Structure formats: structure tokens, C-alpha cells
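This report concerns only the one structure given below.
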Amino acid sequence: MNDLYTKEFRRIMQVNYDYTSMSSNRIEEIMNFARGIDFERIGVAHCITFSEEARLLKEYFSRYFDVYTVDCKYGRIPKKDLLGGTGGRILCNPAGQADYLNNKKTDLNISMGLCVGHDMIFSKKSNALVTNLFDKDFTNNNNPAEAIARIQKII
């Protein structure tokens, strides 16, 4: 067991134990955790669909932290430049989002509504810890828990 938990992981576990509560919502939990661990800079990587929510989150967290937001179209990369083909469609840029926040030296990054796969690339490339605020789910109003209820009926 001890070899699974580094000093950093133990600190995260302790701060979670000391500063989070079942009576807090997810945003409050992130706030309490980040304050408890003495973070200074928070990043928000979000889908452009959630630009207004990212703005509100930035305003909320800015009371205690330096907050940086970056939308998924950061860098405006045409599909043909990354994946080939033709056309001018602009792709999402999760590695670019992580790079932007890495350059800001964020302590904690929030993934907000990134697509499947994009969230994985973002998390893998982020130097900071990453937590998810919510996941994109086109058919269930961004509530993947609804999909569980649907598959439960099938199985």
C-alpha cells in the first residue's frame, strides 16, 4: 500500500479528508480543496459551448486564486493541418489547452465539458493536477449519469 501513495498523493488525500464535505457541491469542493492545499493558480480548460459557465467559474474562483481559462479552439488549428484532408473546420486543441495552462504555471486545472478523448489528452499533457467539473454528454444535458439509467434498462 505504501508504495502506491507518494508524499504528494498522501498530501492530496489528507487535504481531501480535511477540507471536503458531503454537504458541499462540486464547485465548493474544488474551492475548499484548492484553498486547503494552498494553491494559487487555477486553470479552466473548457469546450466553447461552455464559455459563459467558464466566465462565471473564473469570476467565482478569482476571489481566492489567479484563474486562467482557455477554450477548446485555442490556437485555431484547421483540421487539414493536423489530420489532413481538406476544408477549413477548426479542430479542438486539448494539448494546446494544457500547454497554455502549463505556461501559466497553474496548480490545478479543471476540465469542463471536453469531449471524450480530448479530456484524456488534456489530462495527460497537463503539468498540474486535473479534476473534472462535468463531462460533455450531448444527449443527456451533460449528465452522463442519465446514460447509466438508460443502460440499466437494457441489461
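Read the figures in this text as sums done on the coordinates, not as results from a lab. The structure displayed is predicted, hence computed values, not measured ones. Glycine also receives a Cβ, built like all others from the backbone with ideal geometry; neighbour counts cover every protein chain displayed.
Among Lys79/Lys105; Lys7/Lys105; Lys7/Lys79, which pairs are too far apart, with a Cα-Cα distance over 32 Å? Walk me through the numbers on the way to the answer.
On the way: Lys79/Lys105 28 Å; Lys7/Lys105 21 Å; Lys7/Lys79 42 Å.
Going by Cα-Cα distance, Lys7/Lys79 fall outside the 32 Å limit.
If you plug each phi of the range 34-48 into the Karplus form 6.51 cos²θ - 1.76 cosθ + 1.60 with θ = phi - 60°, what whole-Hz ³J(HN,Hα) values come out, in order, with x for Gly and Pro?
4, 5, x, 9, 6, 6, 10, 10, 10, x, 10, 9, 9, 6, 4
Any idea what angle helix 51-61 forms with the longest principal axis of the chain, computed on alpha-carbon atoms, 0 to 90 degrees, nearest 10?
With rounding to tens, the tilt is 20 degrees.
Under a Cβ-Cβ limit of 4.7 Å, which cysteines in the chain have nobody to pair with?
When partners are defined as cysteine Cβ atoms under 4.7 Å apart, the chain leaves Cys47, Cys115 without one.
Order of Ile27, Ile155 from fewest to most other C-beta atoms within 10 Å? List each step's numbers first, then the result.
Values: Ile27 14, Ile155 4.
Lowest count first: Ile155, Ile27.
Can you return the lysines within cross-link range of Lys136? Criterion is Cα-Cα under 16 Å, with same-chain partners fewer than 8 residues away left out.
Qualifying lysines at Cα under 16 Å: Lys73.
Per residue, what volume in Å³ does the convex hull of the Cα atoms of the chain enclose?
Working: hull volume 26.8 nm³, N = 155.
Here the figure is 173 Å³ per residue.
Let me know the charge dipole size of the chain about its Cα centre in debye, to the nearest 20, where only the beta-carbon of Lys, Arg (+1) and Asp, Glu (-1) is charged. Walk me through the intermediate numbers first.
On the way: 21 positive and 19 negative charges, 100 e Å.
Dipole size: approximately 480 debye.
What angle do you read, to the nearest 10 degrees and between 0 and 90, between the alpha-carbon axis of helix 7-19 and the longest principal axis of the chain?
With both axes taken from Cα atoms, the answer is about 70 degrees.
Going by Cα centres, the range 99-115 and the range 10-27 are how many Å apart?
20
By average Cβ neighbour count within 10 Å, what is the ranking of 139-148, 64-73, 115-124, 41-50 from highest down?
Highest mean packing first, the order is 41-50, 64-73, 115-124, 139-148.
Angle check, please: helix 94-103 long axis (alpha carbons) against the longest principal axis of the chain (alpha carbons), in degrees 0 to 90, nearest 10.
The two axes meet at around 50 degrees.
Would you list Leu108, Leu101 from fewest to most Cβ contacts within 10 Å?
Details: Leu108 22, Leu101 28.
Neighbour counts put them in this order, fewest first: Leu108, Leu101.
Just the number, please: percent antiparallel of the DSSP beta bridges in the chain, rounded to the nearest 5. Don't skip to the answer; put the middle values down first.
Numbers: 2 of 18 bridges.
In the chain, DSSP labels about 10 percent of beta bridges as antiparallel.
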